[in-house]
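Asks: Just dropping this structure here.
The values are calculated or read from the model by the stated rules, or taken from the named source; none is laboratory data. None of the values given here were measured: they were computed from a predicted structure. Cβ atoms come from the backbone with ideal geometry, glycine included; neighbour counts cover every protein chain shown.
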Amino acid sequence: MPRLPEPFFTTKSEGTGLGLLSVRACAEEHGGRVEVDRSKLGGARFTVSLPGAA
């Protein structure tokens, strides 16, 4: 999974490869983060964490 944050990398014929970058940028803009690891069911598991309201 090392290529996931790479711009314009996609495995889909009609994908742009910018979706995960957009999610990560938005999460970081709000003080959060995106984590990715392998799912026990196969594929990938994404976790988006955002801080609570103050």
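Asks: Quick one: in segment 17-54, of everything that is of a type in the set (A, V, I, L, M) and surrounded by fewer than 11 Cβ atoms within 10 Å (Cβ to Cβ), which residue is farthest from GLU6 (Cα to Cα)?
Replies: Ranking the qualifying residues of segment 17-54, first place goes to ALA54.
Asks: Find the residue count for segment 7-54, including only residues that are in a loop (DSSP other than H, G, I, E, B) and hydrophobic (A, V, I, L, M, F, W, C).
Replies: 7
Asks: Consider PHE46 against the criteria (1) at pLDDT 90 or above; (2) over 10 Å from the mean Cα position of the chain (by Cα): it satisfies all of them except one. Which criterion is unmet?
Replies: (2)
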